[in-house]
Amino acid sequence: MPLPLDALPDDAVALKAIILAQREEVTRMKASVRAYEALVQALKIRIARLQQPPAPTRPVQRGMAGPGLLAHILVSKFDDHLPLYRQGEILARLGADIPRSTLIDWCGQAVSTLRPLSALIKAEIMCSDRLHVDDTPIKVLDPSRRTADGKSRGVKEGRIWVYVRDDRPWGGSDPPGAAYYFSPDRKGEHPQAHLADFKGVLQADAYGGFKKLYEAGTDEAPRIREAACWAHLRRDFHDVWKMTGSPIAREALDRIGALYDIERDIAAQSAEVRRRVRQEHSKPRVEAFRAWCESQLPRIPGKGDLAKAMRYALNRWHAFTLFLEDGRVAIDNNAAERAIRPVAIGRKNYLFAGSDAGGDIIADAMTIIETAKFAGLDPQAYLADVLTRINDHPARKLDELTPWSWRPPSEQRSRAA
């Protein structure tokens with residue numbers, strides 16, 4: 001054990017001075033090392049901050065809502081049909097007191113952020129050569145509307161249109177999807193604008209606004225061919241049978257039912273197989289149905305609902321028989337009727353759109369959500385990821401975010417690795 005400095009003899013003063021000097025040097029060296037280590041640590045922190053990627057752009061500018069919450073709000077309203085005031089009550093119970101006006105603003109901004117994606121989905125669907133179409137009314141607030149006595153009525157009837165591409169029944173390769181549009185009224189100019197570039201088969205009801213679309217062009221060939229809906233016709237006969245018990249209506253139901261039995265047997269078969277089976281088995285029954293209707297009309301009241309149903313079919317016979325000639329054409333328009341049903345359910349809950357812009361928000365949100373469901377995706381998980389990425393995603397690669405091309409984050413990470 002070394003002696004303390006006080007224990008050294010007086011003649012060791014020189015040695016004592018040397019030891020003190022060495023101690024001071026060691027102390028200075030230790031301080032320098034600590035200062036150096038502190039400097040290195042500070043530099044590491046600074047470098048890490050410089051290397052850290054910038055935070056992703058928020059989907060709602062100047063808003064605190066993250067993509068997960070926004071996705072939940074959109075899906076709750078447009079898929080679960082929960083009005084925003086009820087969502088606000090639910091959030092308040094969970095401890096988040098968010099004003100309804102804020103939820104409305106977030107909803108609108110989120111859909112605005114997603115609008116380029118909605119437009120891309122619509123463009124892809126509308127370039128198909130076969131579409132189902134249907135529409136349904138929706139109330140829209142309009143303070144400019146006034147009654148005869150000058151009082152504000154405040155509401156008008158807008159319209160939501162849906163165009164569906166679904167080639168799954170015949171094994172087509174194009175992925176299914178639904179494109180929704182809002183219009184402030186039901187004038188024929190709206191579907192005519194939607195379908196301005198469309199060429200192919202349009203399966204629809206007998207709405208007069210479509211009539212101009214089926215007219216022959218300058219080359220004497222119509223740009224759009226009409227396909228009718230046997231399910232719509234069946235409902236007309238079913239309503240008569242249910243109200244009156246008419247045996248003629250019952251026979252009509254049985255005849256149409258035989259056609260659907262054949263359709264069940266050829267579901268998911270190729271277009272050529274479907275055409276061949278329909279020609280062999282369905283066509284004779286369809287021709288017999290026409291002859292039967294023509295024979296029944298003179299025997300029943302001409303202004304009755306039963307006669308109206310028969311004339312509805314006979315007057316559009318070319319549209320009711322197109323499915324016999326083309327195996328890609330469906331026997332009915334149920335694909336569009338299923339796609340428009342969520343709008344009808346939603347309006348019973350949120351009652352109206354706040355404006356024409358609100359109608360556009362409904363159409364764009366439903367285009368994305370319903371197409372995601374067609375693709376077998378969880379719409380909330382899909383929207384949460386898309387809202388996280390879309391503002392920083394290259395516009396030229398926006399198709400990567402469509403429901404048909406999107407991959408879950410876990411799969412994205414595994415591919416990157």
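Fewest neighbouring Cβ atoms within 10 Å first, the residues Lys77, Lys199 line up as Lys199, Lys77. FRET efficiency for the pair Arg115 and Ala381, taken as 1/(1 + (r/R0)^6) with r the Cβ-Cβ distance and R0 = 22 Å, rounds to 0.60. Extending 7 Å from the Cα toward the beta-carbon at both Asp356 and Tyr214 defines two label points whose distance is 3.0 nm.
Given R0 = 41 Å, the distance between the Cβ atoms of Glu157 and Arg264 translates into a calculated FRET efficiency of 0.60. Each residue in Met64, Met126 was given a count of other beta-carbon atoms within 10 angstrom of its own, and listing them fewest first yields Met64, Met126. Computed log10 I(q)/I(0) for the range 188-268 at 0.14, 0.20, 0.26, 0.27 Å⁻¹: -0.67, -0.90, -1.13, -1.19, from the Debye equation with unit scatterers placed on every C-alpha and solvent omitted.
With a simple spin-label model that places each label point 7 Å from the Cα along the Cα-to-Cβ direction, the separation between Ile345 and Thr102 comes to 3.0 nm. Between Trp317 and Arg250, the contour length at 0.36 nm per residue exceeds the Cα-Cα span by 22.0 nm. Here the range 230-325 is assigned +1 on the Cβ of each Lys and Arg and -1 on the Cβ of each Asp and Glu. Its dipole about the Cα centre then comes out at about 220 debye. By the count of neighbouring beta-carbon atoms within 10 Å, fewest first, Glu189, Glu226 end up ordered Glu189, Glu226.
Cross-linked pairs Lys156/Lys308; Lys242/Lys303; Lys211/Lys283: Cα-Cα separations exceed 22 Å for Lys156/Lys308; Lys211/Lys283. For Thr136 and Ser295, what does the FRET efficiency come to when R0 = 35 Å and r is the distance between their Cβ atoms, rounded to the nearest 0.05? Approximately 0.45, to the nearest 0.05. Taking a straight line from the alpha carbon of Lys397, these lysines sit under 21 Å away, with near neighbours fewer than eight places off in the same chain left out: Lys122.
Here, each number is a calculation from the coordinates, and none is a lab measurement. Worth saying up front: this structure is predicted, and the values here are computed from it rather than measured. Using ideal geometry, Cβ is built from the backbone for each residue, glycine included, and neighbour counts are taken over all protein chains shown.
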